[in-house]
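Heads up, the thing below is written out as structure tokens.
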Amino acid sequence: MGHHTLDEIESLTKKALLAHGATPFAATEVARAVRAAEGHGNKICGLYYVESYCLQLESGRVIGDAAPVVSTPRPAALHVDAQFGFAQPAFALGLIPGLDAARQFGTATLAIGHAHTCTSLGYFTEQIARAGFIGIGFTNASPIVAAPDGKTRVIGTNPIAFSVPDGAGGLAMQFDQSTTTVALGKITMAKALGQQIPLGWALDKDGAPTTDPEAALQGSLVSMGGYKGWGFGLMAEILAAGMTGSVLSASVKPLKAPVGPPHDLGQFYILIDPGTSAEFEARLAALGQLVSQDDGARMPGQNRRMADEVAVDASTWSRLKELTEGPTPSA
């Protein structure tokens, strides 16, 4: 296990993506997202995905030179067609006009369609909040969740993220969570490490609770809070697929599979100008004080800090360096 700076992580990630066919713009935006994930300790959304990004660029599952198309179906409704490329550059192109629309109309929506997985949804809503707006985001994913009392996979983990500005360029609050009891990545990481998972995370293919990550991956994950989490997951599905023109989770192959059809996922964001309420800042401050009156209590995301350097597994770092050399020649 070695320690590496975020600059090193971002630089090598960008080089690896460029070596496998991503444009400089796409590689830059994805590398920035990987950097942020690692800096916040979100390993599942960081370097963990880089190899699959490169292999999917090589196979064409993600289009490295896609040119996202921005359109405005309504004055306060922005749409970006990612053209089966990465979500990060598509969002970057839609963010400024989305913020302008929210500033003008008070509320705006930004729909990203036909995109690769965005990985960390909160990475995007945080950008909205740091620009001074409330950001709410929804996305879907490959199917891994069955309806309560069912066993057929219907939707993905379908995260929801919510970021609130503090009025000074920072965050007053942020949460980014799957609508399942646990993110799928924790199951796959447990399998890779040969570990069991806690009871209550997942069901096997017959719908029975399991602690075996392999059985969980063959079965389904459990919605957080049962029917309540299931409802939030369906809400994310409807917005992420229905409002972007992307596919339903049921049509998405495993996100890290090196070959196959494009992800064709959607992300849907709501941007709200808190300045439309004269009482917003006062109410937010009062709520923050109420939450923090007990020792250890805090608003979600309040103590998030970006690390200067992070620990990276030696094999992961070695593989990242290999990826910067481009695709392995066929035998």
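Tabulated data for the structure shown
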read-out	value
Accessible area per residue, Å², the range 50-130 with all protein chains present, probe 1.4 Å	34 Å²
DSSP-loop chymotrypsin sites (Phe, Trp or Tyr not before Pro) across the range 197-243, with at most 14 other Cβ within 10 angstrom	none
Set K256/K321; K15/K191; K205/K321; K14/K205 screened for pairs whose C-alpha atoms are more than 27 Å apart	K15/K191; K205/K321; K14/K205
With every protein chain in place, the chain: carbon and sulfur % of accessible area (1.4 Å)	57 percent
Sequence of V310, V70 from largest to smallest accessible area, 1.4 Å probe	V70, V310
Distant-in-sequence amide H partners of A172 (H built 1.01 Å from N, under 5 Å)	V164, D166
Alpha-carbon Rg with Dmax, taken over the range 1-133, Å	15.2, 51
Convex hull of Cα atoms in the chain, direction-averaged projection (nm²)	17.7 nm²
Residues whose placed amide H lies under 5 Å from that of S246, excluding near-sequence neighbours	H114
HN-Hα J in Hz across the range 124-132 - Karplus 6.51, -1.76, 1.60, θ = phi - 60°, x for Gly and Pro	7, 5, 5, 5, 5, 5, 5, 8, x
Over the range 143-302: Rg over Rh, Cα atoms, Kirkwood Rh	1.05
The range 76-107 and the range 254-331: distance between their alpha carbon centers, rounded to Å	18 Å
Relative contact order, percent, the chain [alpha-carbon distance under 8 Å, six or more residues apart]	23 percent
Reciprocal mean inverse distance between Cα atoms of the range 12-74 - Kirkwood radius, Å	12.3 Å
10 Å-binned pair-distance histogram of the range 257-331 (Cα, whole percent)	11, 18, 23, 21, 18, 6, 1
Accessible solvent surface per residue of the range 153-196, calculated while the other protein chains remain in place, 1.4 angstrom probe, Å²	43 Å²
Karplus-derived HN-Hα couplings along the range 218-234 (A = 6.51, B = -1.76, C = 1.60, θ = phi - 60°), whole Hz, x at Gly and Pro	8, x, 8, 8, 9, 5, 5, x, x, 4, 5, x, 4, x, 5, x, 5
Distance histogram in 5 Å bins (all Cα pairs of the range 91-157, percent per bin)	4, 14, 23, 19, 13, 11, 8, 6, 2, 0
Helix-derived mean residue ellipticity, 222 nm - over the chain, DSSP H n ≥ 4, -39500 (n - 2.57), to 500	-11000 deg cm²/dmol
Per-residue HN-Hα couplings for the range 144-153 [Karplus 6.51, -1.76, 1.60; θ = phi - 60°; Hz; x = Gly/Pro]	8, 10, 9, 5, x, 6, x, 9, 8, 5
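The values are calculated or read from the model by the stated rules, or taken from the named source; none is laboratory data. Small disclaimer: the values here were computed from a predicted structure and weren't measured. We place every Cβ from the backbone using ideal geometry, glycine too, and count neighbours over all the protein chains shown. For the accessible areas, the whole protein counts, side chains as well, though only heavy atoms, and no ligand, DNA or RNA atoms are used. Shrake-Rupley method; radii C 1.70, N 1.55, O 1.52, S 1.80 Å.
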